[in-house]
Amino acid sequence: MNRLKLYRRQQLKYLLADFLSAEVVWLLFLVFRWMVYEGYVFGVSNVLIPAFSFYRPLILYPIGCLLVYYLSGFYLRPFSHTQWQVTLTTLGSAIVIGIAAFFVIIIDDQVDSYSRYYMSLVVLVSLQFVCSLLPRLLIAAFTRKHEERVFTLCSDSEQALAELMRAMPVDRVHINLSRKRSEATLYKLIGRIYPLRTRISLPARTFDILSGAARIVDLDGSPLIMITDHKMSDSSIAIKRAFDIVCSAIGLVLLSPLLLVLALLVKTTSRGPVIYRQQRIGMYGMPFYIYKFRTMRDNAEESVPQLTDTDDPRITPLGRMLRKYRLDELPQLWNVLRGDMSIVGPRPEREYFINQIMQRAPYYCLLYRIRPGLTSWGPIKVGYTDTIEKMVDRLNYDIAYMENMSLHLDLKIMFYTISVIFNGEGQ
């Protein structure tokens, strides 16, 4: 069984265990409220079933717990947690769940002393921590250790790549080329391996080649550079993806009247389809289709792909206005919701131009580590790219963004992008 399937199975185990444990926690907490507040212990009444339904929390509470656990990043790498990491992550999540439940549920209780509030909060956090931690530790303890399958690639020849394909699936591809090989050869090979969705490592001696583009870790006692490891923490990655889903979903709903109006304008002002679909290269070097409002005349690019300049005659009058305020890119919210793109990330490019960029900057393939996005530091600093030189400049900014990714940086880029849109600095 390959690495991805093993991860999915382990994630499912944790999800099921966490859901059931949350159900148990809620039922035990109701018993506590019944015993303490309904008069069996302290004589306070009418709080076993507060102003909300008894059955609704049986579903909503576990779902809320799973959401907190997802945002903690616990499910992203289910095999990499130590017992201490499981314990600390579970404790932190239990505290967050307890505080959230306090303001949603407990604060409405009819009690005659604030000490009862604190008691309820402590009991809920304790139940959540213990009932969630025990099954998690059992799953981790009884999980069959998966021995990492590593394929060492010592050549960039077609024969070596064919052997790699026959060996798939593997957990990690270790590239160990001769030092005589050029940077371009190395990066070209990395770009061809990325679509296999496996980890890629290099000997530590090639660190000077990558100029800090990867993180050094200890695996099996040997220092290696893991090309595919993410720079952000697991919790930040989960929060970033959750933010993408929420923003794109809300955006599509709230902007639906505007989208409809723009679609009608595109349809009535020029011949051709309303939505323009174009293939781009995204995460893992995999192709996907990007969606935009059509801003050029129909069949404007029938043969060789062309870059757009300021006075491009192919752009329609309406299309020029849409580009100026970036309104043509609104349909890409669907790409974000699907998971093809992120709100913030390097702009995806066409394979035709990627091949030209890689002749001058062979390290372009490093961008395959993360999802492309609607906006990033590169487009803000360079703007529309109508030459290969500008594309290379944008790439360098995007590499710098990738190496310094954080939620704080994403927010700053979004604010800069909003300024660009309202100032009409698009092209």
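Values quoted throughout were computed directly from the atomic coordinates according to the rules given, and no laboratory measurement underlies them. Since this is a predicted model, take the numbers as computed values, not measurements. We place every Cβ from the backbone using ideal geometry, glycine too, and count neighbours over all the protein chains shown.
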Computed E for T143/M286 - FRET, C-beta separation, R0 22 angstrom, nearest 0.05: 0.15
Rounded FRET efficiency, nearest 0.05, which uses the C-beta distance separating F32 from L265 and R0 of 60 Å: 0.50
L12-L254 FRET efficiency (beta carbon distance; Förster radius 35 Å; 0.05 resolution): 0.55
Descending semi-axes in Å of region 129-201, equivalent ellipsoid built from Cα gyration tensor: 37, 13, 10
Max mean-square fluctuation residue, GNM over the chain, Cα-Cα springs under 10 Å, options L224, L121, L264: L264
Highest to lowest packing among 370-382, 177-189, scored as the average C-beta count within 10 Å: 370-382, 177-189
Order of F102, F415, F129, F74 under a 10 Å beta carbon neighbour criterion, fewest first: F415, F102, F129, F74
Span from the region 292-358 Cα centroid across to the region 125-139 one, whole angstrom: 49 Å
Label-point separation, V122 to S419 (7 Å along Cα→Cβ), nm: 5.0 nm
Intensity falloff of the chain expressed as log10 I(q)/I(0), Debye formula with alpha-carbon point scatterers, at q = 0.12, 0.13, 0.14 Å⁻¹: -1.08, -1.17, -1.26
Where only alpha carbons of region 238-362 are counted, the Rg and the Dmax (Å): 15.5, 44
Against the rule of thumb 2.2 N^0.38 Å, how large the Cα Rg of region 288-427 comes out: 1.02
Vicinal HN-Hα couplings computed from phi for region 20-28 (Karplus, 6.51 cos²θ - 1.76 cosθ + 1.60; Hz; Gly/Pro x): 5, 5, 5, 4, 4, 4, 5, 5, 5
